[in-house]
Amino acid sequence: MSILEQNKNALIIIAHPDMKSLSHQISHHIATYLTQQGINVEIADLYKEDFKPAITIPDLEAYRGQQVLSTDILLEQARFDRADIVYFVFPIYWWSIPAVLKGWFERVFTHGWAFKVDEQGVLTGELKRIPIKLIATGTGDEAGYDKHGYTQAIRTQVVEGIFGFCGIEDVQTSILYNSDFIQTEDLQAFLKELDTRILDINQRSMSC
């Protein structure tokens, strides 16, 4: 069954404060492309919405089962639950994801919703099995990322350490290298690659 026949919903999570940034340009391209395919697109702009990434005492109390989750976390979880595919668009800072996005994972992917641990200490991932697309911009080149271990680090820390931990295995990563010095033609080539590799989902069947 095609994505159009299934009336799919996409969520785009953006972690960049500058509306003129490559992250926002890429996000706009993704949203436009998907909307033209008849897909419902929801945008979560973490900076624009002033998402608070730091763990709070109420967050810890909710983790310990002493109180319910706060409204802002329930809102983010509901967005994720509505989506059939999620795009994370972000810059790479110091070989890692931005602090606001790290904090989003820490606060939103809560015990009991994203994962569970039973009384015997057995872990189960609880997130619904949807495709995840990580789309990043980085200042270095691919050879440098491989040499210094970031290519493996993003797999270990994010692909396996976050999504795999929570039960999602369908995670695809795309990085726009040398982004600080990107030329128009190189950006267009990257967007074209996204169209064929990441966004051309109408022809593939996706299970939830």
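The values are calculated or read from the model by the stated rules, or taken from the named source; none is laboratory data. Keep in mind that this is a model prediction, so the values were computed, not measured. A quick note on method: Cβ atoms are made from the backbone with ideal geometry, for glycine too, and the neighbour counts reach across all protein chains shown.
From the residues in segment 154-187 that are part of a helix (DSSP H, G or I) and in contact with a helix residue (DSSP H, G or I) (Cβ under 8 Å, 6 or more places away or on another chain), which one is modelled with the highest pLDDT?
Ile162
Looking only at helices (runs of 4 or more DSSP H) that lie completely in segment 1-99, which have at least 3 residues being among the hydroxyl-bearing types (Ser, Thr, Tyr)?
Qualifying helices (runs of 4 or more DSSP H): 22-36.
Within the set of pairs 6 or more residues apart or between chains, which connect a residue that is surrounded by fewer than 15 Cβ atoms within 10 Å (Cβ to Cβ) inside segment 14-37 to a residue that is among the aliphatic types (A, V, I, L, M) with Cβ atoms less than 7 Å apart?
Thr35/Val41
Among the residues of segment 152-164, write down those that are in contact (Cβ under 8 Å) with a residue 60 or more places away in the chain and under 12 Å from the mean Cα position of the chain (by Cα).
Residue satisfying the conditions is Val158 alone.
Output yes when any residue across segment 72-93 is touching a Phe, Trp or Tyr at 6+ places or on another chain (Cβ under 6 Å), crowded, with 18+ Cβ neighbours inside 10 Å and closer than 21 Å to Arg155 by Cβ, and no when none is.
No, the conditions are met nowhere in segment 72-93.
Would you pick out the residues in segment 165-193 that are surrounded by 13 or more Cβ atoms within 10 Å (Cβ to Cβ), within 15 Å of the chain's Cα centre (by Cα) and of a type outside the set (S, T, N, Q)?
Phe165, Cys166, Gly167, Ile168, Asp170, Val171, Ile175
Please go through segment 85-111 and pick out each residue that is modelled with pLDDT of 95 or more and polar (S, T, N, Q).
Within segment 85-111, just Thr110 meets the criteria.
Being of a type in the set (Ser, Thr, Tyr) and either at pLDDT 95 or above or within 27 Å of Thr110 (Cα to Cα) (or both) is the filter here, so list the residues in segment 135-153 that pass it.
Selection gives Thr137, Tyr150, Thr151.
So is Ile132 modelled with pLDDT under 95, within 28 Å of Lys192 (Cβ to Cβ), β-branched (Val, Ile, Thr) and surrounded by 14 or more Cβ atoms within 10 Å (Cβ to Cβ) or not?
Judged against the criteria, Ile132 is not a match.
Could you tell me whether Phe115 is more than 29 Å from Thr32 (Cα to Cα) and surrounded by 15 or more Cβ atoms within 10 Å (Cβ to Cβ)?
When the stated conditions are applied, Phe115 passes them.
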